[in-house]
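Take a look at the structure below.
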Amino acid sequence: MTTIDSPDRAPARVAADPATRGRFITLEGGEGAGKSTLLALVRERLAARGIDVVLTREPGGTPLGEAVRALVLDPAQRGIRAESELLLVFAARAQHVRELIEPALAAGRWVVSDRYTDASYAYQGGGRGQPIERIAALEAWVAPIRPDLSLLLDLPVAQGLARAGARGATDRIEAEDAAFFERVRAVYRERAAAEPGRFRIIDASQPLAAVCAAAATQLDAFLDLAGVAA
Ligand code: T5A
């Protein structure tokens with residue numbers, strides 16, 4: 001018989017010892033900002049310092065998360081309501097946090113995720129107009145773990161959409177209008193301004209080499225602060 005996961009039956013959260021816990025880094029930004037491209041650089045930079053890295057993404061990162069991703073990005077799913085979309089991305093995230101992120105961090109591995117909760121504030125909050133308190137409640141419930149560092153790749157909306165569009169087929173969210181993505185960008189920038197200790201803003205409108213150099217500088221500074229030997 002299938003059982004329903006209740007708070008009593010749910011496995012205990014993996015306790016992370018702050019002294020040995022890995023670090024959690026997220027890459028954020030609008031469409032075509034260069035996050036996926038940058039992921040490889042981040043892995044190399046961390047590996048060069050002997051850090052064991054797990055690369056992942058949202059929505060995604062687990063079999064359930066990848067299935068949700070396919071649904072959320074499917075252009076054929078025209079009728080998805082804003083509330084449904086919010087719950088879907090958080091359903092994927094709940095699984096991602098419990099199945100991958102928390103255990104990896106507790107084991108001392110570093111986790112680098114292409115998007116995390118800031119994307120929900122930006123897309124479902126800014127883009128779709130879902131109330132911030134609702135997003136915050138879901139975050140507190142299923143994704144209380146906070147990134148140690150978030151790199152925000154910021155660039156004008158038109159430039160990002162042109163890059164994303166040059167790849168060909170448009171997904172369900174990329175098909176939104178420019179005003180939607182302006183709201184997404186505005187929320188990202190507000191969040192970065194509100195949490196300067198966690199966020200580093202990178203000008204992603206520059207040529208790729210300059211974006212990579214800026215990201216490398218920020219990562220090196222973070223690694224030095226974290227006491228990781230060069
Ligand atoms: N979403 C996600 C939500 O709505 N809520 C949520 O909670 C979460 C987690 C996920 C979608 O889901 C939404 C947001 C997204 O719409 P995604 O694939 O993560 O999809 O997001 P996208 O932004 O669509 O991914 P993209 O692949 O479009 O953007 P990237 O990863 O930022 O960009 P990248 O690296 O693929 O680069 C795009 C193109 O630009 C070129 C690259 O070569 C590539 O061709 N490029 C550059 N060209 C010139 N100069 C540079 N500096 C360049 N950087 C990259």
- The correct pair for segment 33-170, radius of gyration to one decimal and Dmax as a whole number, both in Å and from Cα atoms, is 15.6, 47
- Measuring from label point to label point, each 7 Å out along Cα→Cβ, what is the residue 189 to residue 43 span in nm? 3.3
- If you place +1 on the Cβ of every Lys and Arg and -1 on the Cβ of every Asp and Glu, how big does the dipole about the Cα centre of the chain come out, in debye to the nearest 20? 160
- Item | Helical mean residue ellipticity (222 nm; -39500 (n - 2.57) per DSSP H run of 4+; nearest 500) of the chain | -13500 deg cm²/dmol
- Message: Please list 3J(HN,Hα) in residue order for segment 42-47, calculated via the Karplus relation 6.51 cos²θ - 1.76 cosθ + 1.60 where θ = phi - 60°; whole Hz, with x for glycine and proline.
- Response: 4, 4, 4, 5, 6, 4
- Query: When every alpha-carbon pair in segment 93-168 is counted, what percent end up more than 20 Å apart?
  - Reply: 45
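If I take R0 = 22 Å and measure r between the Cβ atoms of residue 73 and residue 132 in this structure, what FRET efficiency does the formula 1/(1 + (r/R0)^6) give, to the nearest 0.05?
In this case the efficiency is close to 0.40.
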- Query: Rg/Rh for the chain: what does it come to with C-alpha atoms and Rh from Kirkwood?
  - Reply: 0.96
- Item | segment 125-162 versus segment 19-53: alpha-carbon centroid distance in Å | 18
- Using modelled backbone amide H atoms (1.01 Å from N, in-plane), which distant-in-sequence or interchain residues come within less than 5 Å of residue 57's amide H? 114
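Laboratory data are not the source of any read-out in this text; all were calculated from the coordinates shown. All values reported here derive from a predicted model rather than from experimental measurement. Don't worry about glycine lacking a Cβ; one is built from the backbone with ideal geometry, like all the others, and counts go over all protein chains shown.
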